[in-house]
Amino acid sequence: MPFEVVFQASGSGVSAVVPELNEYGFGVDRPEALEDLRKTLAELYFCLESQAERLSSDLANIWDHMKRRVVRITLPQMDLEQE
């Protein structure tokens with residue numbers, strides 16, 4: 001299930017906000033703000049995943065919420081030495 005994203009004018013650009021996580025991305029337009037938000041959410045996901053055993057209760061709640069909403073995919077490795 002996707003996160004709700006709210007766009008807001010922000011200074012000289014646009015913010016893309018996920019209110020339920022209190023996370024945001026910023027850009028000069030909506031696509032750029034959404035891409036920044038995507039990177040922010042990915043970084044948050046991997047950081048929380050790597051520290052899952054040591055999270056405070058607030059961060060553990062965010063991690064539990066993200067695990068229920070995010071589908072992690074692993075792309076196959078490419079052999080860069082093939083001709």
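Any read-out appearing in this document is the output of simple, stated calculations on the displayed coordinates, not a laboratory observation. None of these values were measured; they are calculated from a predicted model. Here the Cβ is made from the backbone with ideal geometry for all residues, glycine too, and neighbour counts use every protein chain on show.
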Collect the residues in segment 24-49 that are among the small types (Gly, Ala, Ser), over 9 Å from the mean Cα position of the chain (by Cα) and part of a helix (DSSP H, G or I), keeping them in residue-number order.
-> Ala33
Evaluate the following for Leu21: is it surrounded by 15 or more Cβ atoms within 10 Å (Cβ to Cβ), assigned to a helix (DSSP H, G or I) and of a type outside the set (Gly, Ala, Ser)?
-> no
